[in-house]
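Here is the structure we will look at, set down as structure tokens.
Any read-out appearing in this document is the output of simple, stated calculations on the displayed coordinates, not a laboratory observation. None of the values given here were measured: they were computed from a predicted structure. Cβ sites come from the backbone with ideal geometry, for glycine too, and all protein chains shown count toward neighbours.
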Ligand SMILES: Cc1ncc(COP(=O)(O)O)c(C=O)c1O
């Protein structure tokens, strides 16, 4: 191979994604896409809100907005975002705390690049988003995981044990992909206290980085606490990918806690990393569009109905799971310990899902329910048969 040995190893490590994709394509070619029940992708199936189209039409007609801009993004866009966050989360964020990025992935990458030295550790509760490992490695860090409780809430004792003199970032994601769980204000306050204590113990700033692209997709009036109130040295990374259904447009932002110890240094570092990673800046057109969409999101009731439907189907099939509080994923236990094998049993029923092993939690599967209701209903019998087959083995 003439590619990097490290990338070769990463490709092998994530080969199950490719295999699943290939198996899905084979099933779709053989049975027709409408006869394959694909719960494997977190690709929102809702169209963006109508206001997105209106603003896009208007913005696209404005002339003279095609040049480079300040590395952190257009000042007026950052201003609107800072105003919204300050109101929505009751915190005094200013435009100078916001950097426009290429999606939440871009926000996480510029943040990690800004704070990691080679060998620094990034710690994340499992299960967690598959890409965190790769993002950490991109910037010379070492990714480590820490278990959560059975209901996927934060296990502070396990975290206290895992944090050491190399820990630089505690990376959380709420509402969570793949579990749909939301961390409570109390648990975040406890986490903030722990990070303060550990930062003092090891005489270094440990950052709390909160990945929040699903913040607006929550059920049953659940409130997502503001991490800034729980810990000063915190940074939020987010995007418009999921809440206005535009993941292909690559637009998001990073916000620094205005009380962060090294606020100005951090801001200058983020502006630089945003440039040198190679994005240079977030897409100009989309920055101007999202500026006008701060209060807007897709109809979350759509996902709430899908959540009820899929939970009913899974319950009837005999799965155990914690009901999602947000995002559009559910993470049931598999009836046999080998989740990859169970995924193969589901494929025999033309159902595609992702093994929990990929998220660091074997013995589970992730089901993305951002799909049409008829896909969920049509898969019901297949789920039942797969569970029966697994239990019979
Ligand atoms: C938890 C989590 N973080 C980050 C991302 C990346 O989001 P974006 O497409 O905005 O870069 C995703 C996308 O699925 C995600 O689920």
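Okay, helix-only estimate at 222 nm for the chain: each DSSP H run of n ≥ 4 adds -39500 (n - 2.57), divide by all residues, round to 500 deg cm²/dmol; what do you get?
Values: 13 runs with 168 residues, N = 393.
Only helices count here, giving -13500 deg cm²/dmol.
Remind me, relative contact order of the chain in percent, using alpha carbon pairs under 8 angstrom and six or more residues apart?
Relative CO of the chain lands at 23 percent.
Which residue fluctuates the most in the chain, going by a Gaussian network model with Cα springs under 10 Å, if the choices are 139, 364, 149?
149
Using a Gaussian network model of the chain whose springs link C-alpha atoms within less than 10 Å, name the residue from 101, 375, 167 with the highest mean-square fluctuation.
Its mean-square fluctuation being the largest, the pick is 375.
Please give the peptides 261-269, 120-128 ranked by average Cβ packing (other Cβ atoms within 10 Å per residue), highest first, as a rough proxy for protection.
Result, highest mean first: 120-128, 261-269.
Using a 10 angstrom cutoff on alpha carbons, build the Gaussian network for the chain and name the most mobile of 284, 368, 58.
Between 284, 368, 58, it is 58 that shows the largest mean-square fluctuation.
Could you work out how far apart the two model spin labels at residue 166 and residue 150 are, taking each label as a point 7 Å from the Cα in the direction of the beta carbon, and quote it in nm?
About 3.3 nm, to one decimal.
With axes computed from alpha carbons, what is the tilt in degrees of helix 300-317 against the longest principal axis of the chain, rounded to the nearest 10 within 0 to 90?
Long axis of 300-317 versus the principal axis of the chain: about 30 degrees.
Let me test this: with uniform point scatterers at the alpha carbons of segment 102-234, what is the Debye-based log₁₀ I(q)/I(0) at q = 0.19, 0.22 1/Å?
For the requested q values the scattering log ratios are -1.12, -1.53.
So what is the relative contact order for segment 83-156, in percent, with contacts set as C-alpha pairs under 8 Å and at least six apart?
Rounded, it is 25 percent for segment 83-156.
Measure nothing fancy, just the Cα-based angle from helix 185-202's long axis to the longest principal axis of the chain, in degrees from 0 to 90, nearest 10.
60 degrees
Can you give the angle from 0 to 90° between the axis of helix 103-115 and the longest principal axis of the chain, with both taken from C-alpha atoms, to the nearest 10?
Orientation of helix 103-115: about 50 degrees from the principal axis.
Ranked from highest to lowest mean number of other Cβ atoms within 10 Å per residue, what is the order of the peptides 106-112, 288-294, 132-138?
Result, highest mean first: 106-112, 288-294, 132-138.
Quick one: the Cα spread of segment 73-119 along its three principal axes, in angstroms, biggest first?
The principal-axis extents, from largest down, are 38, 21, 16 Å.
Mind jotting down the distance between the C-alpha centroids of segment 36-75 and segment 322-371, whole Å?
30 Å
Tell me the relative contact order for segment 151-245 as a rounded percent, counting alpha carbon contacts under 8 Å between residues six or more apart.
On the way: 130 pairs, mean separation 30.2, N = 95.
With pairs under 8 Å counted, the relative contact order is 32 percent.
Work out Dmax and Rg for segment 237-393 from the C-alpha atoms and quote the Rg first, both in angstrom.
So, for segment 237-393, Rg and Dmax equal 20.4, 61 Å respectively.
If you restrict to DSSP beta bridges whose two residues both lie in the chain, what percentage is antiparallel, to the nearest 5?
Numbers: 15 of 34 bridges.
Taking every DSSP beta bridge with both residues in the chain, the antiparallel ones total about 45 percent.
Which value, in nm² and rounded to one decimal, describes the direction-averaged projected area of the C-alpha convex hull of the chain?
With the hull built on Cα positions only, its mean projection is 20.2 nm².
Taking the Cα centre of each part, how many Å lie between segment 247-314 and segment 184-238?
17 Å
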